[in-house]
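Derivation of every value follows stated rules applied to the coordinates shown; laboratory data play no part. Please read these numbers as outputs of a predicted model, since none were measured by experiment. When we count neighbours, we look across all protein chains shown, and the Cβ atoms used for this are built from the backbone with ideal geometry, even at glycine.
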There are 4 protein chains.
Amino acid sequence: MSKIPVAVLAATGSVGQRFVQLLDNHPWFEVVALTGSERGHGKTYGEVCRWLLPEPMPDWARMMPVLPSEAESLNGARLAFSALPADIARQVEPALAQAGIGVCSNASAYRREPDVPLLIPEVNPEHARLVEVQRRRRGWTGWITTNPNCTSTGMTIALKALQDAFGLKRVFAVSLQALSGAGYPGVASLDIADNVIPFISGEEDKVEWEPRKMLGKLEGEEIRLAEFGISAHTNRVAVTDGHLVCLSVELAGRAAPEQAAAVLAEYEAPAPVADLPSVARPVIVVREEENRPQPRLDRMTGRGMTTVVGRVRPDALFDLRLTVLSHNTIRGAAGGSLLNAELMVRLGYVS
Amino acid sequence: MSKIPVAVLAATGSVGQRFVQLLDNHPWFEVVALTGSERGHGKTYGEVCRWLLPEPMPDWARMMPVLPSEAESLNGARLAFSALPADIARQVEPALAQAGIGVCSNASAYRREPDVPLLIPEVNPEHARLVEVQRRRRGWTGWITTNPNCTSTGMTIALKALQDAFGLKRVFAVSLQALSGAGYPGVASLDIADNVIPFISGEEDKVEWEPRKMLGKLEGEEIRLAEFGISAHTNRVAVTDGHLVCLSVELAGRAAPEQAAAVLAEYEAPAPVADLPSVARPVIVVREEENRPQPRLDRMTGRGMTTVVGRVRPDALFDLRLTVLSHNTIRGAAGGSLLNAELMVRLGYVS
Amino acid sequence: MSKIPVAVLAATGSVGQRFVQLLDNHPWFEVVALTGSERGHGKTYGEVCRWLLPEPMPDWARMMPVLPSEAESLNGARLAFSALPADIARQVEPALAQAGIGVCSNASAYRREPDVPLLIPEVNPEHARLVEVQRRRRGWTGWITTNPNCTSTGMTIALKALQDAFGLKRVFAVSLQALSGAGYPGVASLDIADNVIPFISGEEDKVEWEPRKMLGKLEGEEIRLAEFGISAHTNRVAVTDGHLVCLSVELAGRAAPEQAAAVLAEYEAPAPVADLPSVARPVIVVREEENRPQPRLDRMTGRGMTTVVGRVRPDALFDLRLTVLSHNTIRGAAGGSLLNAELMVRLGYVS
Amino acid sequence: MSKIPVAVLAATGSVGQRFVQLLDNHPWFEVVALTGSERGHGKTYGEVCRWLLPEPMPDWARMMPVLPSEAESLNGARLAFSALPADIARQVEPALAQAGIGVCSNASAYRREPDVPLLIPEVNPEHARLVEVQRRRRGWTGWITTNPNCTSTGMTIALKALQDAFGLKRVFAVSLQALSGAGYPGVASLDIADNVIPFISGEEDKVEWEPRKMLGKLEGEEIRLAEFGISAHTNRVAVTDGHLVCLSVELAGRAAPEQAAAVLAEYEAPAPVADLPSVARPVIVVREEENRPQPRLDRMTGRGMTTVVGRVRPDALFDLRLTVLSHNTIRGAAGGSLLNAELMVRLGYVS
């Protein structure tokens, strides 16, 4: 089988670089176009991109030209991975979907649209069907799917397992987020050296809303938000990669911490997802040590796709306290989007 | 008036050093004894102490001998500041109180004893009266007072202002704590570089209990714990000094964030405390910026004694969200203990 | 005596802020104008400036308008402290000197001009006389003096003491430089977290040349560069403030390390400088411990103006090895420039 | 061919863990014994070891018992990898060699013995022959080889290429060393946060001597030290892994930087070494960017075995300046020792 031609939009940024790295030797996809801002047009990716990953830039990427983010420039790509900023994504992504391209977007621009799926394949693959509504309403031959914010991702995966087993009522979430979540150049070193920044613009709104869409039910043509409430505080800390979230969870039913830990550890991806190339294996790891998960030690678990949970214990006000770690640029961004694309292929939405 | 002779117990450790630094040029107190572990006896403080503060070691301290932590070695000190580890404090502190010395302890050993005041002078100076019960019950001519855990301190000050104005029902607290809170050598650099540790031994218990004692009522001879509940997650981050706490607070009454911010900013220390030499001036600063308080920028507010609050905003589940910063080795340890001593002098408990 | 009216150019940047902070309560100077880039004109300093120092913004600065960097806007300032970028300094500073203002510049723009003094008052105050040549040649009624690059500063002070005592032949210098040296936002956190950057643009050239001008002789109307050679490697490390430099020095004469340490510790500022308000007291501190100086512990020695030297020991190839620490935004930038202004006042160049 | 049974001595420490990780799935070696200090005897490796690597602990290691470091406890191991502290190594390693075991030691204890090879296989494999002298003189049936100090390693590899091509006269070396080089717990976080430590005990002596042994000539039964001189300053910085060294090199012959870069990039391992399983591939990478090598981005080049060189440029005093990076726990410790073992097998010294 020949590989599916794909494009990476905004490939020179930090999430774009992660897309390029994860697409290296992908079994299903072949990158045929890399896009970037106007000042890079006419140059090669190797010339324009300030590569920031420890993994080397793939040789095939180095010589590719940097192209505009327009359907006619994408060399026949059937899928586009979007690392565009939200404001640009809002213009570009519909134009591509209009032109018949499937867009797997890491941008926040369309996450809240009722007919755009916000997907974590291990959590809510059935929401993918929303693209049919989307196509019909908007007259597109392509589509847009989105993956959640990097902080929402890991906690939603853990909450899904708890929701299935015990039901959810209320969730307190406090994040300690890595620097790479702010892109590049992102956070100034003088702002974070010997410091914590207790604020990330727009983040708390996303964390309080996105999990409720993903854990909601697709009823007919729309998603009914899950009814539990979330309160979030989001903080930036001096860590390169890996977002940690402290959760206190009120359940609908009773659950001893041991039961909850077992439910988390045994959580499995639904059938159409379990054997996708980039699926998290396992979906969740539960650490027994009293001081884990830790970003530096645990973020690469399952090639950065596994959600690592620890410190599952009783809560003085709600039912459970736990700590959740997720790699923000892999699981929470490029890797999540890539897995969405694999799901869309599996479900037959890529022709 | 001649100065009151005082001792610092465990003066060579990180909290002990802070005591020495804060006692330099103190208007009421004069250090007459510094104690340390046995291997330092017979040497000078300058020889034994690996001084870790940017402020220079005071000259008077450098030449003092390192003494045993025993009443007869303290050169007539009337007050002893204790930076002893909890297990040693449990033995040493009662012996000194027995011998007529007032002990202002930073150790956790006696914080939970019903007849030992757990004091923040700006919050609950009336609890100091418990030492009378303590003396009577235990037959001491001296006494022990304690200051709270470094994380409990700042949040209790903020909660006190809210309790007075609106009443408290439930509190979620998630801390991001500085390295100096673990003493020296404390946290290994390899454990915290590019990392967060989501666990601090024994800390969550303290944070869930201590504020309730301090915000409780002294009724007759005992303190009735305040009835609100606390859930705490405690984390270590790569910051030298300054503990940050994210709070979500359920109030008994209604309060708009602006009202709460005003109440916090206007909080004043009770009468016998307001003009003590080391009192926080002001007690609380409320920052208006969206991204404050920050440890590096705000920890030294009010010479490290002021509690800095920011991001006072509504909470999706409870009433208020806010962020609280407090200098852990000054306000939350040596400075707090020193202020306790000043209160005890003011109240006539030091003769 | 009424205070001398002064202006701070580019007052909103990181060096500009340090000027504002150091000028708070200055005994000789009163700030009458703060300048900034065009987008700030018509606003107050408090509105425009993202204040980054732990010390609070002085109240007098908060309400001052942000002005253009033009002579007619400076409200009669007799002195201007320049934190301008080099390219803008090149235009603005001569215009002010032309208009009769004395410019004390931290910019690199004019450091290499033969008739512009590059000054460290404790090292080469006699070079100040060059402004007379400058005025005559350029027809200015004001003048420009410059202070050296932040890395050159500390090492030049140490080298001056060694030059006076033993003569200098060759110097190897390797720096470990703080983040604040790059301004704000400066170094991206993702570039320096868990990392070192072995390159700082233009820095090695400055470090290899500037000390030779300062340690050179003013002969007639020009400075003869000192004849020793310097090889420099400059590196950026994850430290907020404080540049550390490792030096290996070949001397003209012989010197045991103990002699060299004594010469360094005893170095005194020349007569017209020794009692200036901002002079380093002492000029050099020599630490005896095997592991000092360290940036976090030693950078504030002498309110950030003292050069701290340690590890004075033999060198396997040259004569001496030593380590030098200097606060880069105080001693190496704003504080150095401020001391230059004090020298110019003392020498009668400010009317 | 069945695998060669090997032991790891002091397997629970940080270098010991790296040995265990690198030996996982090794094509030639099978671990049959893990040793540790007495308090671990009778427990499993999984129970005793505080595993600090991001790579997971191999399953086979988890259940192995922690044994004493004695020949009779090593389950027939033919080779022992030693991560012992120097003082214990001095006792244990000869006892094992006496008992017929080949010891590949990372300890400094025997590096300076005239009959013990100090080996980097890509540099001086011919020195391995010294073990024949060693056996004869000491009456051993086994042997000891050592690998150099972690800082000496990378710079010696770079210097070897330059020595071969141009000859060496003098070398200035200033290191910026990672935290993992100090073992665990090693450097206290409070000592290195927002800081640099300009001192590492014993390190400068090693760096000034070891390269001269490795780059020396084996003449008859002894090594004549290479005749160039080295001056070293060693510093600790807040980096997890990867030692950076700034070098200024005086050559015997002339070399333009481009020639030197080419010589470095083209350096190849001698014949018996080039196809060993753990050999560096390539031996040296020369980066062209002005700001590389950087520890975080470059340390894992060639699975952590490749030496990365950058900034090859003229020196103001000597001939060349360059920056060298090497992974200190892989190339500079466990990986280097492992490669030594492979060389010894290849040369027939393991039976």
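Across peptide C:239-251, the average count of Cβ atoms from other chains found within 10 Å of a residue's Cβ is 4.
Label positions at residue C:25 and residue A:24, each projected 7 Å from the Cα along the C-beta direction, are separated by 5.7 nm. Within the range B:59-101, name every residue whose backbone N is under 13 Å away from a label modeled 7 Å from Cα of residue B:43 along the Cβ vector. Answer for the range B:59-101: B:65-67. For the range A:213-327, the relative contact order comes to 30 percent (Cα pairs under 8 Å, sequence separation of at least 6).
Distance from the alpha carbon centroid of the range C:99-170 to that of the range C:28-64 works out to 28 angstrom. Per residue of D:283-292, other chain Cβ atoms within 10 Å of the residue Cβ number 2 on average. With a 10 Å cut-off around each Cβ of B:50-57, the average count of Cβ atoms from other chains is 3. How about the range B:217-281: which trypsin sites (Lys or Arg not before Pro) there are in a DSSP loop, with at most 16 other Cβ atoms within 10 Å of their Cβ? Within the range B:217-281, the qualifying trypsin sites (Lys or Arg not before Pro) (loop, at most 16 other Cβ atoms within 10 Å) are B:254.
Counting charges near residue D:98 (Lys, Arg +1; Asp, Glu -1) among other residues having Cβ under 14 Å from its Cβ returns a value of +2.
Considering the rotation that superimposes chain B on chain D, the residue of B whose beta-carbon lies nearest the axis, and that distance in Å, is B:189, 2.
For the range C:150-327, the share of alpha carbon pairs falling in successive 10 Å distance bins from zero is 10, 37, 37, 14, 2, 0 percent. Of C:108, A:73, the sequence from fewest to most neighbouring Cβ atoms within 10 angstrom is A:73, C:108.
Can you tell me how the protein assembly as shown classifies by the Cα gyration tensor, rounded, prolate or oblate, using a/c under 1.5 as the rounded cut? Rounded.
Suppose only helical runs count, i.e. DSSP H with n ≥ 4. What mean residue ellipticity at 222 nm does that imply for chain D under -39500 (n - 2.57) per run, divided by all residues and rounded to the nearest 500 deg cm²/dmol? Display every interim value, and only then the final one.
On the way: 11 runs with 98 residues, N = 351.
Calculated mean residue ellipticity at 222 nm is -8000 deg cm²/dmol.
Between the residues D:74, D:256, D:176, the greatest Cα displacement towards the positive end of the dipole of chain D, with unit charges on the Cβ of Lys, Arg, Asp and Glu, is found for D:74. Each copy carries residue D:271; placing its label point 7 Å along the C-beta direction from Cα gives inter-copy distances of 6.4, 7.8, 9.9 nm, listed from smallest up.
Packing, as the average of other Cβ atoms within 10 Å across residues, places the peptides A:97-105, B:201-209 in the order A:97-105, B:201-209, highest first. Position residue C:59: other-copy label points at 3.5, 6.9, 7.0 nm, ordered by increasing distance, label point 7 Å along Cα→C-beta. How large is the dipole of chain A about the Cα centre if only Lys and Arg carry +1 and Asp and Glu carry -1, each at its Cβ, rounded to the nearest 20 debye? Computed charge dipole of chain A: roughly 200 debye. About its Cα centre, the protein assembly as shown has a charge dipole of approximately 0 debye under the convention of +1 per Lys or Arg Cβ and -1 per Asp or Glu Cβ, with nothing else charged.
Taking amide hydrogens as placed 1.01 Å from N in the peptide plane, the amide H of residue B:143 sits under 5 Å from those of B:101, B:102, B:103, each at least 5 positions away in sequence or on another chain.
Summing Lys, Arg as +1 and Asp, Glu as -1, what charge do residues with Cβ under 11 Å from the Cβ of residue D:287 carry, residue D:287 excluded?
-2
Determine which residues of the range D:306-346 fall in the zone a paramagnetic label at residue C:225 would reach in this model, i.e. backbone nitrogen under 14 Å from the point 7 Å along Cα→Cβ. Under 14 Å, as judged by backbone N against the label point of residue C:225, lie D:316-317 of the range D:306-346. Each label point was placed 7 Å from the Cα along the Cα-to-Cβ direction; for residue C:275 and residue C:258 their separation is 3.6 nm. The calculated FRET efficiency for residue C:132 paired with residue B:347, based on their beta-carbon distance and R0 = 60 Å, is about 0.30.
For chain C, the calculated P(r) over all alpha carbon pairs, in 10 Å bins from 0 to the bin holding the longest distance, is 6, 27, 35, 23, 8, 1, 0 percent. Counting charges near residue D:185 (Lys, Arg +1; Asp, Glu -1) among other residues having Cβ under 12 Å from its Cβ returns a value of -1. Placing unit charges on the Cβ atoms of the charged side chains and taking the dipole of the range A:20-150 about its Cα centre, the candidate lying farthest along the positive direction among A:92, A:32, A:54 is A:92. The loop-placed GluC sites (Glu not before Pro) in the range C:260-351, going by DSSP, that have at most 13 neighbouring Cβ atoms within 10 Å of their Cβ come out as C:266, C:268, C:288, C:289, C:290. Its Cα centre serving as origin, the range C:150-327 has a Cβ charge dipole (Lys and Arg +1, Asp and Glu -1) of approximately 180 debye.
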